[in-house]
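The values are calculated or read from the model by the stated rules, or taken from the named source; none is laboratory data. Everything numeric in this text was worked out from a predicted model, so none of it was measured. Quick reminder, even Gly has a Cβ in these numbers, built from the backbone with ideal geometry, and neighbours come from all protein chains shown. To get the accessible areas, we keep the full protein, side chains included, count just its heavy atoms, and leave off ligands, DNA and RNA. Shrake-Rupley method; radii C 1.70, N 1.55, O 1.52, S 1.80 Å.
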Amino acid sequence: MKTLYVRIVVTTIAVMMISSLLAFVISNAYYQKSLKPYNDKKVTRIAEETVDYYEKNPQLKLNDYLDHIGHTGYQIYLVDQQHHESFFGGTFRKKEMDPAIVKRVLNGTVYHGIAQFPSTPFVTGFFDNVLKNTIGMPLEASGKQYALFIRPNIELQFGEMRIFFSVILLLTILLSIILVGISTRYLVKPIIKLTKATKKIATGNYNIKLNEKRKDEIGSLATNFSEMAKSLEQLEEMRQEFVSNVSHEIQSPLASIKGFAQTLQNDELALDQRNRYLSIIEKESTRLSQLSKQLLMLASLEKEEAIIEKSTFDVAAQIKEILVMTEWSWREKELAIELELPSTFIYGDKKLLHQVWTNLITNSIKFTEPGGAISIRLKKQDRNCRISISDTGIGISEKDLLSIFNRFYKADKSRERKEGSSGLGLSIVKKIIDLHNGEIKAESEPGKGTTFHVRIPRM
């Protein structure tokens, strides 16, 4: 039984056979306990009426009378005191009879052979066609004493019904086996499809179509499996895109470093050119270092709760510290800084949130033209605090706004490259905000600036 289909078919047929066997045994036990005494009484009454009718009509010839009774559906055995035997009606399968029983009937005792017939687990006594399974009744005819043994001729009375029920039983068994095979194939077919689908997924083929319209457990399994396949496909696409982006981000500075390093081997190179190339190599090395740090941070953020170290601190004071830290950058561009930062204590990871404000503020400084303005406002609420960081920079198009939190996404690729960005900053910001059960949204219009709205639970 290597397949589920064979197992279900064999198990079902085995259950049918065992059930049929148990049903027969239970039915036989019911007959032995309840129906056999009733059958004994019924046949005893027939025997009494047979004997009584003859004794009231002594002019009848005994053999003709019993022969007529036998033809109406009974098996009869007649014996006298001299042990002269006669059989009428159907033939007995076994004709042995204990002489002591015959003697007792001849002496006037009624023999209840049906009620006294031995019980067996697999043979219903009602159908056992033997001489002992009869009712014995004393009979007097022409001054002689007889012992009359009688039982219904089951073959004559119920022969057609036995054949009819036998045909029904055989057809039921045969059709049940056929229908079990067909229905099991119907039940197992979705599982076979799921098995094939898993093999397709193992080979990287996620284009799977399953019957998701079923309302049972198989339909639910198919729906969940299809959703899993789609998730795996998206995950695979993200993985490939991630590997491609990382490879590209690493390859570009490495190519620059390699090219300028080879150029520096030229002894005739002027000092100012040598210093410029060394400066470029330093910047590209810094980019690689920054990229590796951000990749490590993203990897650690995937561990979620394990890396969160929360404490209570003043988020307004933290933002002011970052502004002091970046003062040289925004003063160099002569940017106007507008602040509305009332003291607000929150419960969160101080280091991670420091990274959030640093990324958002440095982005605003980076993409705001000289003479522009940056506005930072904090509003306290009962359970949350809301922080808005706005600038008057170059802005982001509506199309790009939907993807700015994706890894390695760059709305202005030429500007990003010039500024040395990896495209990971906002994805790190989004992940940290999510870990704090907060949310971040962006509003922007090209040429008019960008605003990031952050909501963080205070506790």
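Figures for the structure shown
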| item | result |
| --- | --- |
| Accessible surface, 1.4 Å probe, highest first, among residues 441, 399, 144 | 399, 441, 144 |
| Heavy atoms of residue 390: accessible area, 1.4 Å probe, square angstrom to 10 | 30 Å² |
| Residue-level accessible surface for residue 310, protein heavy atoms, 1.4 Å, Å² | 80 Å² |
| Difference of contour (0.36 nm per residue) and Cα-Cα distance, residue 142 to residue 94 | 14.3 nm |
| Spin-label model distance (nm) - residue 235 vs residue 289, 7 Å beyond Cα toward Cβ | 3.6 nm |
| Residue 103-residue 177 FRET efficiency (beta carbon distance; Förster radius 45 Å; 0.05 resolution) | 0.25 |
| Mean separation of Cα contacts under 8 Å, 6 or more apart, over the residue count of the range 330-377: relative contact order % | 73 percent |
| Probe 1.4 Å, all protein chains present, accessible-area order of 377, 383, largest first | 383, 377 |
| Charge context of residue 41, other residues only, Cβ under 15 angstrom, K/R +1, D/E -1 | +2 |
| Across 351/380; 350/399; 230/379; 366/441, pairs whose alpha-carbon gap is larger than 29 Å | 350/399; 230/379 |
| Relative contact order (percent, whole number), the range 305-403, Cα cutoff 8 Å, 6+ residue spacing | 29 percent |
| Viscosity 0.692 mPa s, temperature 37 °C, Stokes-Einstein D of the range 308-361 from Kirkwood C-alpha radius, µm²/s | 274 µm²/s |
| Sequence ranges 328-337, 424-433, 74-83, ranked by mean other-Cβ count within 10 angstrom, highest first | 424-433, 74-83, 328-337 |
| Ordering of 344-353, 195-204 by burial proxy (mean other Cβ atoms within 10 Å per residue, highest first) | 344-353, 195-204 |
| Highest average packing first - 275-284, 314-323, Cβ atoms within 10 Å | 314-323, 275-284 |
| Relative counts (whole %) of C-alpha pair distances in the range 2-71, using bins that are 10 Å wide | 16, 22, 17, 16, 13, 9, 6, 1 |
| Charge dipole magnitude, Cβ of K and R +1, D and E -1 - the range 1-155, Cα centre, debye nearest 20 | 760 debye |
| Computed over the range 1-101: relative contact order in percent, which uses C-alpha pairs under 8 Å that are six or more apart | 13 percent |
